[in-house]
1. Would you confirm, using the coordinates I've provided, whether F114 is in a loop (DSSP other than H, G, I, E, B), of a type in the set (A, V, I, L, M, F, W, C) and either touching a Pro at 6+ places or on another chain (Cβ under 7 Å) or over 26 Å from T696 (Cα atoms) (or both)?
2. Restricting to region 130-148, and then to whatever is part of a loop (DSSP other than H, G, I, E, B), modelled with pLDDT of 95 or more and among the hydrophobic types (A, V, I, L, M, F, W, C), can you tell me which residue is nearest to E346 (Cα to Cα)?
3. So, in region 94-122, exactly how many residues are β-branched (V, I, T) and farther than 15 Å from G151 by Cβ?
4. Identify, from the list S373, S441, S393, the residue that is farther than 23 Å from S146 by Cβ, crowded, with 16+ Cβ neighbours inside 10 Å and of a type outside the set (A, V, I, L, M).
5. Of the residues S650, S600, S692, S685, which is surrounded by 18 or more Cβ atoms within 10 Å (Cβ to Cβ), touching an Asp or Glu at 6+ places or on another chain (Cβ under 6 Å) and of a type outside the set (K, R)?
6. For region 133-156, name all the residues that are surrounded by 21 or more Cβ atoms within 10 Å (Cβ to Cβ), within 25 Å of T207 (Cβ to Cβ) and touching an Asp or Glu at 6+ places or on another chain (Cβ under 8 Å).
7. Among the residues of region 590-600, is there at least one that is part of a loop (DSSP other than H, G, I, E, B), out of contact with any Gly (no Cβ under 7 Å at 6 or more places or on another chain), farther than 30 Å from D537 by Cβ and among the hydroxyl-bearing types (S, T, Y)?
8. Mind listing whichever residues of region 145-170 are farther than 30 Å from E501 by Cβ and either under 23 Å from the mean Cα position of the chain (by Cα) or free of Cβ contacts under 8 Å to residues at least 60 places away in the same chain (or both)?
Amino acid sequence: MKFPLGFLFAPYGLVSFSLASLAAGQEIETLAPVVVTASREPENAADSNQSVETVTNDDMIENNFRSLPEALALTPGVSVQKTTHGHGSPFIRGFTGRQNLYLVDGIRMNNSTFRSGPVQYANTIDGLGLERFELVKSQGSVLYGSDALGGTLNAMTVSSNYLDYDPGFFHHGSVFYRFSTNSESHVGRLQQSFGEGGKWGLTLGATLKEFGDVRSSYYGTMEGTGYPEENHDLKFEFSISENHRLTLAHQYLDQDEVNRWHSTLENPGGWEGLSPGRFTTRVYDQERSLSYLRLEGEPTGGAIQRYRATLSYQDSQDTEFQDRNPASAQTRFGEIETQTYGLALEAHSDLSEKTRLLYGADYYEDRIDSRGSRDGVFEPRRRPLADDATYQSLGLFTQARHNYNDRFNTAAGLRYTYTKADLGKIWDGNDDISADESWGSLVGSLRSIYHLNNYWSIFGGASQGFRAPNVNDLTGNLTTRSGAQNLGNLDLDPETTLTFELGGRHEQENLTLEIATFHTKVDDVITRIPQSSTVSDTVTINGSEAWITGVEAEAAWNFSPDWTLSGFLTYQYGDSDRPSYIGGPEITEPVSRLSPLRGSIALRYDTPSRDWWAEARLTGATEADRLSASDKGDLQRIPSGATPAYLTASLYAGWQAHSNLQFNLALENLTSEDYRIHGSGLNESGLNATLSAKLTW
C-alpha cells in the first residue's frame, strides 16, 4: 500500500509518492500501487491477498541504495546479508539464496548451479536499469515453480512506455551520476528511449560502476572490497496490432575481482573476537546475460482475455580463484558456465462475471559445463560440480480467482512440476561416472482477502512451496563458510514448505498500516552436516524438518501536509532438526543466521512548494545470539556468542533544482557506528556522504 509521492518511503514497501502531485503542491492522498507478481496480472496492492513490497527506480536513487539486495534492507521480513561488498543475499522470512526465486521481467533467473546459503546472484541485477521490483513474501510455488520458499522477487526492467505517447516521434532519456566518499565509488548510467507513439519504442541503457574499498571504524580501509561492474541493456517494443504486442530484450552484466575479504589475509580479525582470514586470494568473476522474445495481448471476442508467451535464453559464467596457502603454491580455480533455455506460456479466461481462471506452462533447461584446476593443472576431481550436465524442469499450473462480492475474494491454485537431472561427468574419487535423477511435485495454494470497510482489510491463507534438488545439491564440490569443503549427494528429495499467513491493512487518506504474521514448516530440509564428529567438511543431506515464525509491521502517517512519520518492525524465530553429523544423533538448533528483532523509523519534511525535502532515519537491530552449530563455527563472519546489536542514524535530502534536474544528498551512519549485519563477512561502512545528480530530457 502506498502514498502518492514517488520517492518518499518506498523502502518500507508501503509508501511512495507522485512527483506530479509534489510539483503541483497538492496535498498527499492515498494511492496504492499496481502490482503484478502476486497474481500474474495487474491489481491494486491494497487488494492483494499477499504481502507485497515495491521499490521503484526513484527509490533506488533517492535512498542511496547501492545494489538491488540492499534496496530490501528497510523491508520488514527481510535481512540483507553480505558475504562481501560485491555480494548480497536477502534473507526473506528466514530463507536465502536459492530458496528464494529471482525473476527478471517474469523470467526465472535461478538455475540449477546456484549454491546453498547466502549467494551473490541477486547482486547481478542492475537496480538502476529497473523501473521497479516487486517482492512477494511466502508466495509458494504455484505460480512460478521451484525455489519460492521465502519469497519471489520480480525485477522489471526499464521501458520506453511508447503506448503512453500520442502518434508521432517521441524521445526521452536521462543521465545519472553518484559519488560516495567512504569507498570513493563512482556510479553512472546513461539511458535513451525513442520511437513512434502507440506503435514502437526502443530503449538503450548502460551502467558503469567502480566501487572502491570500504572503510569501517574498526578496520579502516578493508583492502580488496572494491570491484568494477559493467551493465548494458536493450529493449525493443512493437505493437503488431491494437491488442497484440511484441518485445525483444537483452541485458548483460560483468563483475570482476569480487573479493571474499573475510577469507583472506586482508582480514586481520579481532573485531568482537573474530578470526582472521587465511587465504592469500579468494575472488569471483561473474558474467550474466539474458535475451528474450515475448508476445502478449488482450484478444477480443474469444475465450482468452489475456495471454503471454515468452522465449528466453540466458548465459552465466561464474569463476572462483583461490590462493589458499601464502607460504607455498596452492591455488584452485573453478569455472561454471550455464546456458538456460526457457519457454513460458500463460493465459487468462473469464469463466463468469465473478470467476477468472489463470493457466499456463513453463519449461526451462540448463546446459552446464564445469571445470576446475589445482596449481594450474586441470583435474576432474577439482570441478565445482558435474560437467556436461543438463537439468530440465516442466511445470503446469492453474489458479482460479472468485469474487464473492465487492469485499471478499479467494484465489485457489495448483502446480505440477517434473524435474530431471542428467549428470554427464561426476568424479567419484577414482573416475568419472554419470547419473540421472528425477522428481515430481504437486503443490497448492488457497488465499483470500476481505475488506471489512473502506479502510480495513484482512488477508491470508496457506501456500505450499518446494525446491527440487539442483545440480549443486547433487554434485557440488565447493568451499563454504570459512573454508570448509562441502560435497553434494545424489540421494536427495525435494524440500517442501507449508506457510500460513494472516495480515491486516489500513488505508486512509493520511495513514497506511500493514501487520502480518506467518508460520512456515519445512520438511526434508536440504542442508549441510559435518562428515564426522571431528571433521568440519560437510555433506549435503535431507534433514528432518524446520519451522520459522515471524511478525512484521510497517506504517506511514502524514500527520500534516508537509510532515510524514514512517517505519517498520520485524521479528523472526525458528528451529531446525538435523543429524549432528553423518550417522550421529539428531539435534535441534536455531535456524542458521535468522534475523533478530530489527526496525527503522524516519521523519520526513517536504517544503510546501515540494521542490526539496529532508529526512532523518534511525535503523537498528538487537543482538543476534540464537546460533546454529555452523554459525558458531563461522568465526570469520559471526562473532563468538552473538552478532552485536547496533543503532545507526542517517540524513537524506533531495532538491528538484529544475523540472529536469534533481540532486540528492545522503549522510549515512552519522556516528560512524561499527556494526555488521548478522551473518555478513565484513563490517558496514563508517560515516559516508553520497551526492548524486540526475538529468532528464
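1. When the stated conditions are applied, F114 passes them.
2. Taking the candidates together, the pick is L143.
3. Residues flagged as β-branched (V, I, T) and farther than 15 Å from G151 by Cβ within region 94-122 amount to 3.
4. Values: S441 fails: farther than 23 Å from S146 by Cβ; S393 fails: farther than 23 Å from S146 by Cβ.
Answer to the check: S373.
5. Matching residue, one of S650, S600, S692, S685: S650.
6. E134, L135, L153, N154, A155
7. For region 590-600, residues part of a loop (DSSP other than H, G, I, E, B), out of contact with any Gly (no Cβ under 7 Å at 6 or more places or on another chain), farther than 30 Å from D537 by Cβ and among the hydroxyl-bearing types (S, T, Y): absent.
8. Going residue by residue through region 145-170, those that are farther than 30 Å from E501 by Cβ are 158-170.
Matches in region 145-170: V158, S159, N161, D164, Y165, D166, P167, G168, F169, F170.
The values are calculated or read from the model by the stated rules, or taken from the named source; none is laboratory data. Worth saying up front: this structure is predicted, and the values here are computed from it rather than measured. Quick reminder, even Gly has a Cβ in these numbers, built from the backbone with ideal geometry, and neighbours come from all protein chains shown.
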